[in-house]
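The values are calculated or read from the model by the stated rules, or taken from the named source; none is laboratory data. Just so you know, these numbers come straight off a predicted model, no measurement behind them. Please note: Cβ atoms are built from the backbone with ideal geometry, for glycine as well, and neighbour counts cover all protein chains shown.
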Amino acid sequence: MKKRRHVGSKYLFVLVLFVSASTRRIVNLVRQRNLLNFYQQEALRLERENRNLRDFLTRLKQDPFYAEKILREKYGYMREGELGIIFGDNRVSH
C-alpha cells in the first residue's frame, strides 16, 4: 500500500506542475491578447485622426475662405486696415 501512495503522490505532483505551468501560460496568453487588442484599437484611432488631419489640410489648401476663417478665429489675424477689439477672454471681434 505504501508503494501505491508513493506512485499516487508522484502523479499528483506531476499534475500540480502541469496545471501550474498551464495556468501561467494561459495568464500570459490573456495578457498578450489584451495588449494586442489595445494596440489594434490605438492603430484604428490613429488612422482616423490621420484621415481627419489630411482632410483638414486638403481643405485648408483648396479653400482660401476656410483658411482665412481658421486664421481669424484661431489666431486673431486681421486684414490690413481692419480694427480688432480684444475682449477680456482674448477673443477678437472684427
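Here are some notes:
- Flag for Leu36 being in a helix (DSSP H, G or I) and out of contact with any helix residue (DSSP H, G or I) (no Cβ under 9 Å at 6 or more places or on another chain): yes
- You will find that of Leu60, Leu53, the residue that is part of a helix (DSSP H, G or I) and either modelled with pLDDT under 90 or exposed (fewer than 12 other Cβ atoms within 10 Å of the Cβ) (or both) is Leu53 and no other.
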